[in-house]
Amino acid sequence: MVPPLELLPFDLPGLDPGVRVRCVFTTRRGGASAGPYQGANLSFDVGDDPASVAANRDSLAAQTGLAAFAELRQVHGDALVLDAEATPLAEFRARAATLEADALSTTRPGLGLCIKTADCQPIVLAHKGGRFLAALHAGWRGNVLNLPGSAVARLCAHHAADPAELIAVRGPSLGPQAAQFTRFEAEFGPAFRPFHNAEAQTVDLWALTRHQLLKAGLRAENIHGLDLCTRTRQEQFFSYRAALPPERRMGRQMSLAWIE
């Protein structure tokens, strides 16, 4: 029997009365995977035994009660898939996603939006009235491309919504003290210096994401974060930076959000 996956739920504050949006973040705890993927790896793309990934996805579906999912092949870009198509559980548990993008949205209740991470930021954006929901995969390249801000703009344009009506939460990811970049000028550039600690050679990606969401029009009180660093809590989370080079073999946790 597969040990249950550890789920970190987050209750979005500020939703309108009667609106139910669910959001959970998995960890590496529980699950059927072994070796560097131990135990709750949810990605088919990292070299794990597909049967173990299928068992972990079955457990996730059973624990959340979901039967339909939307998933991406994430490529560290800024493409947003509006009104993502649903994948039934039988397909979700059997094969990897092929649609390349790093953000997706839905208006459909019961459709779980999935983002896979191992240091990158999973970001959930919910309309307070429950009109639509989005999930983003933002690594540092996504921040350089301003994926958080541009996704807000495109979502609000598509749904004729005000950014002030959105609520955001950032899940576990690479923390400020662990996000070291020795080629800051080449990879980020002068526009990002306010978030750079030159002495430590680190970048505060959490603060950067918050800044980009504020610039996009979200209210400060509607931006939330789970300040859990995946690099320094590797007993709980998969971390690309903590994995041994050159292969860096490790699993992926998943954020999952849906409208009830």
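What the table shows:
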read-out: Ordering of 187-193, 37-43 by burial proxy (mean other Cβ atoms within 10 Å per residue, highest first); value: 37-43, 187-193
read-out: Debye log10 I(q)/I(0) for segment 158-245, one point scatterer per Cα, at q = 0.16, 0.24 Å⁻¹; value: -0.75, -1.16
read-out: The chain: relative contact order in percent, alpha carbon pairs under 8 Å with at least 6 residues between; value: 25
read-out: Virtual spin-label span in nm between ALA164 and SER150, 7 Å along Cα→Cβ; value: 2.7
read-out: Check: the chain dipole with +1 on Lys, Arg Cβ and -1 on Asp, Glu Cβ, in debye; value: 140
read-out: For LEU104, residues with placed amide H under 5 Å, excluding near neighbours; value: VAL81, ALA135
read-out: Prolate/oblate/rounded label for segment 203-260 (Cα gyration tensor, a/c 1.5); value: prolate
read-out: Residue of ALA68, ALA101, ALA198 that the Gaussian network model of the chain assigns the largest fluctuation, springs spanning Cα pairs under 10 Å; value: ALA198
read-out: Between segment 1-79 and segment 194-260, the alpha-carbon center distance in angstrom; value: 17
read-out: Potential extension, ALA79-ALA207 segment - 0.36 nm per residue separation minus Cα distance; value: 43.9 nm
read-out: Prolate/oblate/rounded call for segment 1-117, Cα gyration tensor, a/c under 1.5 rounded; value: oblate
read-out: Global form of segment 106-260, assessed from the alpha-carbon gyration tensor, a/c cut-off 1.5; value: oblate
read-out: Dimensionless Rg ratio for segment 41-169, taking C-alpha atoms and the 2.2 N^0.38 Å reference; value: 1.04
read-out: Residue-by-residue Karplus 3J(HN,Hα) for segment 91-98, coefficients 6.51, -1.76, 1.60, Hz, glycine and proline x; value: 7, 4, 8, 10, 7, 6, 5, 10
read-out: Per-residue [θ]222 nm for the chain (sum of -39500 (n - 2.57) over DSSP H runs n ≥ 4, rounded to 500); value: -5500 deg cm²/dmol
read-out: In sequence order, calculated HN-Hα J values of segment 24-41 (Karplus, 6.51, -1.76, 1.60; Hz; x Gly/Pro); value: 9, 10, 7, 10, 8, 7, x, x, 10, 6, 10, x, x, 9, 4, x, 9, 5
read-out: Added length on full extension, which subtracts the Cα-Cα distance from 0.36 nm per residue, ASP58 to ARG131; value: 23.5 nm
read-out: LEU111 long-range amide H proximity, modeled H, under 5 Å; value: ILE259
read-out: Trypsin sites (Lys or Arg not before Pro) lying in DSSP loop within segment 172-226, provided at most 12 other Cβ fall within 10 Å; value: ARG183
read-out: Principal semi-axes in Å for the chain [√(5λ), Cα gyration tensor, largest first]; value: 26, 25, 15
read-out: Mean Cα-pair separation over length for segment 105-217, i.e. relative contact order, pairs under 8 Å, 6 or more apart, %; value: 27
read-out: Extension reserve of the LEU226-GLU91 stretch, reckoned as 0.36 nm per residue once the Cα distance is removed; value: 45.6 nm
read-out: Amide proton proximity set for GLN253, modelled H, under 5 Å, gap of 5+; value: THR117, PHE238
read-out: ³J(HN,Hα) computed for each position of segment 132-141 - Karplus, 6.51 cos²θ - 1.76 cosθ + 1.60, integer Hz, glycine/proline x; value: 7, 9, 9, 9, 10, 10, 10, x, 5, 5
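Here, each number is a calculation from the coordinates, and none is a lab measurement. Remember, it's a predicted structure, so these values are computed and weren't measured experimentally. Cβ sites come from the backbone with ideal geometry, for glycine too, and all protein chains shown count toward neighbours.
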